[in-house]
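The values are calculated or read from the model by the stated rules, or taken from the named source; none is laboratory data. In this text the structure is predicted, and so the values were computed from the model without any measurement. Note: ideal-geometry Cβ built from the backbone for every residue, glycine included; neighbour counts use all protein chains shown.
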Amino acid sequence: MHYTGTIWRPPYEADSLIIEATAGCTHHRCKFCTLYEDLPFKFRPSPMEYIETDLLEAQTWYHDPLRKAEERLFDIAEASCKRVFLAGANPFGLKARHLREIAGLVRKYFLGCESIGCFSRITDVATKTDEELRELAAAGYDGLTIGVETGDDDALAFMGKGYEAKDIVEQCARLDSAGISYAFFYLVGISGRGRGIEGARRTAEIVNRTNPWLIGANMLTIYKSSELYQEILAGNWEEEMEVEKYEEVKELVASLTIQTEFAMLGASNPVMLRGALPEHKSQILSALDAIINDIGEERLRDYRTNLRHL
Ligand code: SF4
């Protein structure tokens, strides 16, 4: 398989076939981000022949070796892969025609594949027409994961995310119209010390006007190689305490009014949890209170300090 550097995928894509469609990120300017620093380039689309070779190789994984040879030949293109996840920071940033070609290859090798997902930036949706989004939905694109991070415009601008909160609402409405579902990543702590609760309120205001099937909260972990670390050294920004981060999450969960799932999964979260909103709101808030009261700042900070890699 043509995998380049560290491959990142959302926790809920664990059962998907991971095919690398791009490596690196088209934006590459978020101050907190160190995800693709191991690559010698900023962004590279995978050559189509790499994608095709990887799909061909993956096809062999989905066959039962005990089945008779003639049966395997008969349904060789109908292996049981139901979902493909395209690896890369934002494959949805590729041109629509390019994405449709990739979908065509996926269908060539996995006729039974029901959907194709990937990470997307909000700006990647903005560069596509409504018709292109509808065509991508028809080609199987669904369940995008969008790292919106926050609805706090001050934090978005300071961190260099490259869009504003209103763009999240506008572009997600276009995805809704096209029939492409999406999940959000929210970055706890992005608003900085003393502003966590305000950042959560602003985010809830924005998110309550969209329809993500899931909101996944990740906790900001600052590494020395990041631009944000330099901002801290220069006295331009202060990190939230760990307990403030959990107070921020509580505010977000309490302020959400939409039907969705809420999850804290992945290495940045010392304690993992997942539940449906609004059904499990009180249980999630109780679990967050327990983390604040029973684990406390010192042990949470220890976890963060010793987290070598996300
Ligand atoms: S868009 Fe995502 S991958 Fe790219 S620099 Fe920002 S946080 Fe990192």
Residues in the range 220-276 that are closer than 23 Å to residue 182 by Cα and either polar (S, T, N, Q) or free of Cβ contacts under 8 Å to residues at least 12 places away in the same chain (or both): how many?
7
Sort out which residues of the range 232-268 are within 18 Å of the chain's Cα centre (by Cα) and surrounded by fewer than 20 Cβ atoms within 10 Å (Cβ to Cβ), and write them in order of number.
261, 265, 266, 267, 268
Given the conditions (1) within 16 Å of the ligand (Cβ to nearest atom); (2) modelled with pLDDT under 95, which single one is not true for residue 58?
(1)
From the set of residues in the range 115-147 that are assigned to a strand (DSSP E or B) and farther than 21 Å from residue 165 by Cα, which is farthest from the ligand (Cβ to nearest atom)?
115
Quick one: which of 26, 22, 34 is within 12 Å of the ligand (Cβ to nearest atom), more than 18 Å from residue 310 (Cα to Cα) and touching a Ser or Thr at 6+ places or on another chain (Cβ under 8 Å)?
22
Please pick out the residue among 154, 142 that is within 19 Å of the chain's Cα centre (by Cα) and modelled with pLDDT of 95 or more.
142
When both residues are 6+ apart or on different chains and their Cβ atoms are under 6 Å apart, which pairs have a first residue that lies in the range 92-107 and is among the aromatic types (Phe, Trp, Tyr), and a second that is part of a helix (DSSP H, G or I)?
92/124
